[in-house]
Amino acid sequence: MKAPSLHRLPKFEKVSNGDYEAALKTVQERLAAVQASCIGRSRRAIVAVEGLDAAGKGGFIQRLTAPWDPRFFDVQPIKAPDAEEKAHHYLWRFWQKLPAQGEVNIFDRTWYGRVLVERVEGFATEAEWRRAYDEINAFEKTLADDGTIIIKLFFTVSQKEQDERLVERLETPEKRWKVSAEDFRNRMKRDAYVEAAEDMFARTHTAHAPWTIIDGEHKKTARITALNLVADRLADGLDLSPPALSPDIVRLAKAAFGKKLNLG
């Protein structure tokens with residue numbers, strides 16, 4: 001199974017501004033229907049989102065969750081580990097955030113921090129981040145074998161476009177909160193992050209948890225592409241027909257509503 005690469009980005013059909021709203025409405029309706037089936041059939045799923053700064057991760061997550069029932073999904077914004085988390089194996093904190101049956105959990109940054117930021121910034125030793133590839137593969141295999149769908153997305157963007165987006169955020173007061181010192185630190189080490197990402201793809205692209213690279217150069221195209229991919233993966237092998245009512249619910253409903261009730 002050939003791993004994806006940032007050096008050979010996938011080609012997506014560009015979504016025009018005029019078609020974007022219609023395409024967004026269509027895919028969000030699909031996502032709402034798929035979530036209902038996941039709830040009704042107790043399907044668990046993880047959407048793991050990684051990528052370069054200002055590549056479109058946040059905009060994608062916002063539009064992914066917009067049509068969903070908030071009781072059955074959770075967004076996990078992963079930051080630097082706290083003191084308690086550092087006292088455990090680095091995967092420990094992620095075990096605490098896994099979805100229950102019928103839920104989809106979205107991770108904004110993930111356990112791949114061990115082989116990305118911790119590798120590049122020296123927060124993990126070389127022995128630790130090299131060992132992490134096997135640990136992560138085993139972690140994901142355990143989840144997949146237990147029935148969890150794992151969708152891994154990596155958003156990328158050119159240096160030129162990234163810089164333009166950072167400048168636009170700085171010049172827009174309500175967006176300034178999105179810019180941190182880390183953005184500039186990561187920008188200066190872009191080549192090292194790309195090298196780390198390439199190693200990550202090569203070592204953790206598996207049949208049960210494959211990577212998909214999303215070219216974020218055109219925001220709207222990236223969003224529609226990623227949203228459709230998530231809808232496709234969640235629906236794969238899932239019975240999308242409405243689940244049958246339990247006999248107990250049917251009995252209670254008939255007792256309550258009698259002839260007024262039409263169950264088809």
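None of the figures in this text is laboratory data; all of them are computed from the coordinates on show. Remember, it's a predicted structure, so these values are computed and weren't measured experimentally. Every residue, glycine among them, receives a Cβ derived from its backbone with ideal geometry; neighbour counts consider all protein chains shown.
Details
- Candidate aspartates and glutamates for bridging to K86, where Cα separation is under 15 Å - those fewer than 8 sequence places away on the same chain excluded: E118, E128
- Base-10 log of normalised Debye intensity for the range 17-260 (one unit scatterer per alpha-carbon) at q = 0.09, 0.14 Å⁻¹: -0.45, -0.99
- Alpha-carbon centroid distance for the pair the range 105-144 / the range 162-230, whole angstrom: 17 Å
- Prolate/oblate/rounded label for the range 11-135 (Cα gyration tensor, a/c 1.5): oblate
- One decimal place: the segment D146-Q101 gains 15.1 nm when fully extended, by the rule 0.36 nm per residue minus the C-alpha distance.
- Near the amide H of T206, within less than 5 Å, lie the amide hydrogens of W211, all on another chain or at least 5 residues away, with H placed in the peptide plane.
- In order along the range 144-157, the Karplus-derived 3J(HN,Hα) couplings, from 6.51 cos²θ - 1.76 cosθ + 1.60 at θ = phi - 60°, round to 5, 5, 8, x, 7, 7, 10, 10, 10, 10, 10, 8, 10, 7 Hz, and Gly and Pro are given as x.
- Dipole magnitude (debye, nearest 20) for the chain, charges at Cβ of Lys, Arg, Asp, Glu: 820 debye
- Protection proxy ranking, highest mean first, for peptides 238-250, 142-154, 19-31, 55-67: 55-67, 142-154, 19-31, 238-250, where packing is the per-residue count of other beta-carbon atoms within 10 Å, averaged.
- Segment E121-M188, extension gain: residue separation times 0.36 nm, minus the distance between their alpha carbons: 23.0 nm
- Rounded to whole Hz, the Karplus (6.51, -1.76, 1.60) HN-Hα couplings of the range 249-256, x for glycine and proline: 5, 4, 4, 5, 5, 5, 5, 7
- Neighbour counts of other Cβ atoms within 10 Å put H88, H205 in the fewest-to-most order H88, H205.
- Counted charge near T125, where neighbours are those whose Cβ lies closer than 10 Å (Asp, Glu -1; Lys, Arg +1): 0
- Separation of the N137 and D74 label points, Cα + 7 Å toward Cβ, nm: 2.9 nm
- Restraint check, K160/K219; K189/K220; K57/K79; K97/K175, Cα-Cα greater than 18 Å: K189/K220; K97/K175
- Net dipole in debye of the range 4-57 [+1 Lys, Arg Cβ; -1 Asp, Glu Cβ; about Cα centre; nearest 20]: 300 debye
- Charge dipole of the range 218-261 (Cα centre as origin; +1 on each Lys and Arg Cβ, -1 on each Asp and Glu Cβ, all else neutral): 320 debye, rounded to the nearest 20.
- C-alpha center-to-center spacing [the range 72-93, the range 1-29] in angstrom: 30 Å
- Anisotropy class of the range 157-264 from Cα gyration tensor, a/c 1.5 cut: prolate
- Which of F107, C38, G147, positive extreme of dipole for the range 17-260 (C-beta unit charges): C38
- Value in Å of the Kirkwood radius, where the range 186-226 supplies the Cα pairs that are averaged: 11.9 Å
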